[in-house]
Amino acid sequence: MLIRRFSTTARQDGFSCALGKAWRYVFRRLRGQGPSTVAPSSDHRVDPSALYLGPVWQELAQHNGFHISATPAVLQRRRQIALIGDLNLPQCRKYRVEQLATFWQALGVEFTYAHYEDIPRATSILQQATHLFEYRLKTTDVTQMLRYEARRLRLPVLYDLDDPLFSVSAYGTYGNMAAVDPSLKTHFLNEAPKYLSMMNGADVLSVSTPGMIAHTGLYSPRPTYLRRNFADCQTLTNGARAMQTDRPDDGCFRVAFASGSLGHEMDLAEILQGLSAFVQADPKRRLMLMGHVDSKILPNGLDKQIERFKFTDYGAYLNALACADCAVMPLSDDVFNGCKSAVRVLDAAAVAVPSIVGSIGDLAAVVRHGETGLVVGADLRWTEALEVLAQDLTYTRKLGRTARKDIETYWSGKAEPHIISPELVRWVEG
Amino acid sequence: MRHILVANVFFAPHSYGGATIVAQEVAHALIRRGGFQVTAVSLCCRAGIADYAVLKTEVDGIVNYQINVPEGRSYGAAYDNPGITARVAELIHTLDPDLVHAHCLQDLGTGVITAARDQDVPVILSVHDFWWICERQFMIQMDQTYCGQHPVKITQCKGCVENYWAARTRFEHLQTMGGLVEIVTYPSQFAKGLCENSGFATGRGVVWENGIRLPDQSFAKKQSARRRQDRRLVFGFVGGPSQIKGWPLIKDAFAGLSETDFRVIVVDGSMDGSWWQGHDFSGLPGEWEVHPRFTQDEMDGFYSKIDVLLFISQWKETFGLVIREALARGVRVIQTDSGGSTEHGYIAQEDLIPIGPDPAPLRRQITDAIAAHPAHMAPCAVTDFDTQAAALEGLIEEALSKAGNH
């Protein structure tokens with residue numbers, strides 16, 4: 001049959017044509033490929049300088065298939081959020097991305113996410129989405145391409161942020177910048193306009209604290225909603241597991257200070273003198289330094305009462321934190337810290353450790369003074385607060401247990417106004 | 001509002017082939033009837049985009065999700081492709097359609113059916129050619145002759161298929177899948193009979209006749225203006241220079257004619273205008289012209305230029321859209337006895353040209369047509385897309401009822 005076909009083709013279309021067809025057939029068979037009706041796109045060359053979606057857009061436009069006429073949320077019964085973000089920082093990823101998945105799924109909303117540099121996945125999750133959430137993105141060719149695709153698909157866009165990365169006034173006065181290489185500060189200042197540009201291209205904004213809302217209002221006219229970080233299932237489960245580990249049976253009182261990124265030495269410096277004095281006043285006291293803390297700032301003689309814990313994964317961090325009797329979270333008084341959320345308080349409460357916090361940022365919102373922790377201020381200094389807890393361990397344990405209960409009931413991921421603005425829930429569900 | 005997800009290997013903005021036209025036009029007609037939302041899923045093959053990435057596009061109000069397939073897929077992937085199945089399952093989950101219309105599944109694969117069933121979405125399967133019972137899709141053998149099996153027995157396919165055991169696995173898989181849908185539609189009694197007799201989805205089939213686009217109001221005026229301008233008889237041929245579409249027969253039939261006062265227009269249906277490139281008609285009598293591929297919107301323009309359509313297919317087709325399009329416009333048809341393409345009933349059995357290599361019967365009918373000219377035919381009543389969509393609406397309700405989702 002093959003020979004008959006070859007000779008017919010050779011007779012009708014010429015020998016070279018028949019030879020070409022025969023070669024293509026043999027080549028396909030040798031490679032184990034099956035016949036297909038789907039031919040490659042005529043514009044099959046890839047221009048390396050083109051955006052990933054550039055040739056597709058061009059082709060769709062040429063075939064009158066570029067525009068989507070209706071917002072998907074209008075036509076679809078389901079809601080599906082696609083989140084594209086910078087997922088490089090583990091803490092940010094946990095609190096602003098991963099915990100949202102269970103939150104929205106509990107409301108019947110699908111939630112998928114992608115790192116913005118995973119372009120195929122980021123592009124793909126947009127196609128079936130009804131809403132786009134962007135997290136911590138700045139303007140680049142890639143983020144602009146993804147935003148452009150979202151607009152082509154007529155997706156409403158929300159931009160989410162938990163640090164004032166857009167703010168020159170915040171970075172310009174951020175005390176912690178004094179502890180890092182000056183070039184890093186210059187870098188952040190240079191990047192700020194790129195974040196603001198991205199924010200202002202969105203329809204609405206969500207941020208993590210009331211302080212952040214107020215500061216964002218100085219830069220952006222977009223509606224800005226609150227979405228606080230909360231204690232998600234992972235936090236509660238890992239915390240409960242960490243609480244099962246035995247505390248050291250050495251009779252020591254442990255104060256924990258945790259730092260998830262560079263520069264927090266300046267925050268620690270706010271209370272370091274009093275804290276050192278408190279620790280050194282009793283050989284049975286320990287200072288637990290967790291994560292990034294430069295030893296150079298520590299006073300002489302404190303070394304033997306310091307316990308160091310390297311920056312680690314979340315489970316190991318909670319295991320270590322569970323050994324503390326209390327946690328301190330000082331913040332220097334500047335605009336940047338005024339936007340800070342209470343994630344460290346949530347972490348400590350997850351392992352039933354009470355926190356001592358100041359009035360900067362949103363930390364005090366999560367602490368019920370005298371019931372789940374202590375809020376220092378004019379009436380109570382840091383060292384006094386530490387002494388209160390060190391002197392009465394029964395009281396300290398009770399604060400910790402109540403703090404744990406508080407995050408299980410009040411600070412878990414429920415769609416309540418202190419966690420998420422009702423307007424934001426309506427923006428997705430409406 | 002019923003939401004229908006139509007799965008078709010091609011769909012606008014990348015349309016190709018008669019079945020795609022039917023899928024698109026019926027979708028629009030359903031929407032026009034009211035109470036229906038239609039979304040499509042189809043395939044594309046683009047370099048530079050991730051394999052199995054989904055791209056959303058829309059033409060004339062119908063959203064189409066294109067799944068990007070890689071080149072050089074395996075034999076098995078042409079009928080069951082896990083990459084496509086996963087994407088389709090996601091789409092069904094997201095879109096939550098009331099029903100999946102599996103219209104033309106070649107290359108999409110039967111995962112469309114299983115993905116729908118897994119999510120309790122009923123399926124209507126539409127068979128348009130012989131893909132479900134023949135790996136070569138049209139029952140045309142390697143040597144370009146019609147297979148002729150009736151019923152098809154896979155054991156008889158040895159010597160034609162690429163790998164018998166692979167073909168048998170495919171055949172049995174597709175038979176199983178055919179049994180999983182609520183309703184199977186065929187465009188003609190012939191197609192239904194052949195498939196069911198071959199063991200495919202026996203007892204689930206109905207004939208769901210294809211529609212066509214009827215002529216616009218201005219067509220008759222356009223047609224008579226052309227006939228006044230040039231009184232010669234014009235033959236039309238929509239197809240490539242292949243044996244299976246009857247080109248060698250047409251060439252032989254015309255070559256033996258003594259008459260010369262007529263025109264022939266051949267249509268290049270290829271995407272790139274390559275079908276008739278380099279063909280020399282100078283040895284044939286009459287005036288010959290190659291007409292570019294035309295869209296549904298341009299169809300009247302083509303049919304107004306011809307008086308007689310030549311449909312000399314050398315295999316048993318399942319429907320034959322162009323025949324109905326011609327008849328609806330008062331264009332006479334000379335055709336072979338080609339399966340479902342004859343079921344319009346406007347040509348007497350004795351006038352159907354037997355499939356085979358003898359050019360004499362065709363030459364005789366061409367000569368008669370030239371001799372009788374001008375003998376213009378009145379337009380025939382032919383099913384249109386609105387009527388076809390109305391029939392589909394009934395089938396949808398029946399399928400939903402069968403699936404218990406009424």
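Please treat every number below as a calculation from the coordinates, not as lab data. In this text, all values refer to a predicted model and were calculated from it rather than measured experimentally. Every residue, glycine as well, gets a Cβ built from its backbone with ideal geometry; the counts of neighbours run over all protein chains shown.
Odds and ends about this structure:
- Compared with the rule-of-thumb size 2.2 N^0.38 Å for a compact globular protein, the range A:74-211 has a Cα radius of gyration ratio of 1.09.
- Here the range B:84-192 has an Rg and Dmax of 15.1, 46 Å, counting Cα atoms alone.
- Longest to shortest principal axis, alpha-carbon extents of the range A:3-162, angstrom: 73, 35, 34
- Estimated FRET transfer efficiency when R0 is 22 angstrom, pair B:N197-B:Q349 (beta carbons, to 0.05): 0.55
- Each part reduced to its alpha carbon centroid, the range A:181-203 and the range B:2-49 end up 44 Å apart.
- Percent RCO, i.e. relative contact order, over chain A, from Cα pairs under 8 Å lying at least 6 residues apart: 13
- For chain B, calculated [θ]222 nm from helices alone, where every DSSP H run of n ≥ 4 adds -39500 (n - 2.57): -9500 deg cm²/dmol
- Subtracting the Cα-Cα distance of A:H115 and A:R368 from 0.36 nm times their residue separation leaves 87.4 nm of extension gain.
- Unit charges at the beta carbon, dipole of chain A: most positive-side option, A:L83, A:T130, A:T186: A:T130
- Considering only B:Q388, B:Q24, B:Q277, the Gaussian network model of chain B with Cα springs below 10 Å gives its largest mean-square fluctuation to B:Q277.
- When only the Cβ of Lys, Arg, Asp and Glu is charged (+1, +1, -1, -1), the dipole of the protein assembly as shown relative to its Cα centre reaches about 900 debye.
- Cα extents for the range A:249-291 along the principal axes, largest to smallest and rounded to whole angstrom: 32, 22, 8.
- Of B:M139, A:M329, the sequence from fewest to most neighbouring Cβ atoms within 10 angstrom is B:M139, A:M329.
- Between 0 and 90°, nearest 10: helix B:18-33 axis offset from chain B longest Cα axis: 70
- Calculated [θ] (222 nm, deg cm²/dmol) that DSSP helices of n ≥ 4 give over chain A, each run adding -39,500 (n - 2.57): -12500 deg cm²/dmol
- Dipole check for the range B:116-248: with +1 at the C-beta of Lys and Arg, -1 at the C-beta of Asp and Glu, and the Cα centre as origin, the magnitude is about 980 Debye.
- For the range B:140-204: relative contact order, % (alpha-carbon pairs under 8 angstrom, 6 or more apart): 36
- Kirkwood Rh in Å, taken over all unlike Cα pairs in the range A:210-284: 17.0
- Given +1 at the Cβ of Lys and Arg, -1 at the Cβ of Asp and Glu and no other charges, the dipole of chain A around its Cα centre is 2320 debye to the nearest 20.
- If you plug the beta carbon distance of A:Y410 and B:Q137 into 1/(1 + (r/R0)^6) with R0 = 45 Å, you get a FRET efficiency near 0.10.
- For chain A, the number of Lys pairs with C-alpha atoms closer than 26 Å, counting only pairs eight or more positions apart or on separate chains, is 27.
- Options B:M377, B:A328, A:V388, ranked by Cα towards positive dipole end of the protein assembly as shown, top entry (Cβ charges): B:M377
- Working value for the range B:163-301: equivalent-ellipsoid semi-axes of 40, 22, 14 Å, each the square root of 5 times a Cα gyration tensor eigenvalue, largest first.
- Leading residue at positive end of dipole, the protein assembly as shown (Cβ point charges), from B:V184, A:L51, B:H291: B:H291
- B:A360/B:D118 FRET efficiency (R0 56 Å; Cβ-Cβ; nearest 0.05): 0.50
- Per residue of peptide B:41-50, the mean number of Cβ atoms on other chains within 10 Å of the residue Cβ is 6.
- Distance between the C-alpha centres of the range B:268-337 and the range B:370-386: 15 Å, rounded to the whole angstrom.
- For the range B:265-406, the equivalent ellipsoid derived from the alpha-carbon gyration tensor has semi-axes of 33, 19, 16 Å in decreasing order.
- Selected from A:K304, A:K94, A:K185 as most flexible by GNM, with chain A as the system and alpha-carbon contacts under 10 Å: A:K304
- Within chain B, DSSP assigns beta bridges of which about 15% are antiparallel (rounded to the nearest 5).
- Remark: relative contact order (chain B) = 15 percent; criterion is Cα-Cα distance under 8 angstrom and separation of 6 or more residues.
- Where the Cα pairs of the protein assembly as shown fall when distances are cut into 20 Å bins, in %: 13, 35, 25, 17, 9, 2, 0
- Taken over the range A:43-131, the convex hull of the Cα atoms encloses 100 Å³ per residue.
- Chain B, Cα convex hull volume normalised per residue, Å³: 143
- Approximating the spin labels as points 7 Å out from Cα along Cα→Cβ, the B:A378-to-B:F281 distance works out to 3.2 nm.
- Choice from A:H63, A:H131, A:H292 showing the highest fluctuation, given a GNM over chain A with Cα pairs closer than 10 Å: A:H63
- For chain B, the longest principal axis of the C-alpha atoms and the axis of helix B:219-229 are separated by about 30°.
- Relative to one another, the C-alpha centroids of the range A:105-158 and the range B:174-199 are positioned 42 Å apart.
- Projected onto their three principal axes, the Cα atoms of chain A cover extents of 104, 47, 44 Å, largest first.
- Whole-Å semi-axes of the ellipsoid equivalent to the range B:346-406 (Cα gyration tensor, √5λ, descending): 43, 17, 7
- Computed over the range A:152-219, Kirkwood Rh from alpha-carbon pairs, angstrom: 13.0
- Whole-number D in µm²/s for the range A:127-174 (Stokes-Einstein; Kirkwood sum over Cα pairs; 20 °C, 1.002 mPa s): 176
- Relative frequency of Cα-Cα separations exceeding 29 Å in the range B:10-168, percent: 23
- Distance in nm between pseudo-label sites at A:K296 and B:Q229 (7 Å out along the Cβ direction from Cα): 8.9
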